[in-house]
Amino acid sequence: MMAALDNMNVQGELRRNEPMSRHTSWRVGGPAELFFVPAGVADLQAFLHDLDEDTPIFWLGIGSNLLVREGGLPGVVISATKILRDLELVDHYVVRAGSGVPCTQLARQCIRWSLGPAEFFAGIPGTVGGALAMNAGAHGGETWERVESVRTIDRSGEIHERAPSEYSVGYRSVTGPANEWFLEAILRFDPDATASMDTLREMLERRKQTQPLGLPSCGSVFRNPPNDHAARLIEAAGLKGFKIGGAEVSEKHANFIINRDAATATDIEELIEHVRHSVIEAHGIELQHEVRIVGELPQ
């Protein structure tokens, strides 16, 4: 498979055995068998069209909600965020945003355009594509509340226009057509909302004060259970500061696990499972992962 892929005619970059630790916010992870950075959408379409249908594909955003095991990822990892960065006002209250646009950039630009409510996007530590894939939210807002339509690409390279009705959307959960990835979204904002850069700054300052933003983490590890907060349950179980290897439950925010001291992916995954089991024992509540755990276990 590797030889066939290396002979593909692409304009972008193809790298063998690319360490995923370079591409995740935890700074851990084994190698991608092949890592593709397309030069443009047409290059991406051609690559997918020529790719063997049995080759595993993993679509990478900025790696902010991702744990890659040390055994790495087989097949191809596609990193297309550099080419999917369009952000434009297409109507009075309608925005077209590429899936590679950072959510914080979307929030700031919408405020400059006097659109709202958009500030909540600043609380999402990832890209528009990742926010679409998991219905990310913050400060009471959720991504799919704003979606009018999306464009996707399938593994044969064909591009589709999709309506929200084609997706099942829940709390931190989105299910839609299989083997498709988001290229961009059309988002509509409310004309009567007052967008405020001051509110955005307050949100970002609150994040800075309550989250360990200066250390490698993935953001929130667990989803909030109904009518409660994962951080409260983890703190009440006495887990703040608990460590396994170089991984630590943050003293600042209990739903953050930080790479304190050269942690491995195994350290982090073991700590995630320790936290989950401890919360079950302490509260009888089973927390669900918000972080995505992928890849092969180390040999």
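Remarks
- Any hit, the range 113-124, residues being polar (S, T, N, Q), more than 20 Å from the chain's Cα centre (by Cα) and within 27 Å of residue 191 (Cβ to Cβ): yes
- Pairs with Cβ under 9 Å, 6+ apart, first in the range 34-56 and closer than 17 Å to residue 98 by Cβ, second acidic (Asp, Glu): 37/13; 38/13; 39/13; 45/158
- Residue 214, sole failed condition from (1) under 19 Å from the mean Cα position of the chain (by Cα); (2) exposed (fewer than 12 other Cβ atoms within 10 Å of the Cβ); (3) at pLDDT 90 or above: (3)
- Residue match in the range 262-279 (condition: closer than 16 Å to residue 225 by Cα, in a helix (DSSP H, G or I) and of a type in the set (Asp, Glu)): no
- Only strands (runs of 3 or more DSSP E) whose full extent lies in the range 1-96 are considered here, and the ones with at least 1 residues that are buried (at least 20 other Cβ atoms within 10 Å of the Cβ) and touching a strand residue (DSSP E or B) at 6+ places or on another chain (Cβ under 8 Å) are 13-19, 31-37, 57-60, 66-68, 73-79.
- The listed residues are 214, 245, 241, and the only one of them that is in contact (Cβ under 8 Å) with a residue 12 or more places away in the chain and not aromatic (Phe, Trp, Tyr) turns out to be 245.
- Test: residue in the range 131-145 that is in a loop (DSSP other than H, G, I, E, B) and more than 14 Å from the chain's Cα centre (by Cα): yes
- Cβ pairs under 7 Å, 6+ apart, first in the range 279-293 and surrounded by 14 or more Cβ atoms within 10 Å (Cβ to Cβ), second hydroxyl-bearing (Ser, Thr, Tyr): 290/220
- Of all residues making up the range 93-104, the number that are modelled with pLDDT of 95 or more and over 15 Å from the mean Cα position of the chain (by Cα): 4
- If the condition is being part of a helix (DSSP H, G or I) and in contact with a strand residue (DSSP E or B) (Cβ under 6 Å, 6 or more places away or on another chain), then the range 204-258 contributes only 230.
- Conditions (1) in the same structural domain as residue 270 (by TED's automatic domain parsing); (2) buried (at least 17 other Cβ atoms within 10 Å of the Cβ); number of the one not met by residue 200: (1)
The values are calculated or read from the model by the stated rules, or taken from the named source; none is laboratory data. Owing to the predicted nature of the structure, the values given are computational and were not obtained by experimental measurement. FYI the Cβ positions are ideal-geometry reconstructions off the backbone, even for glycines, and counts take in every protein chain you see.
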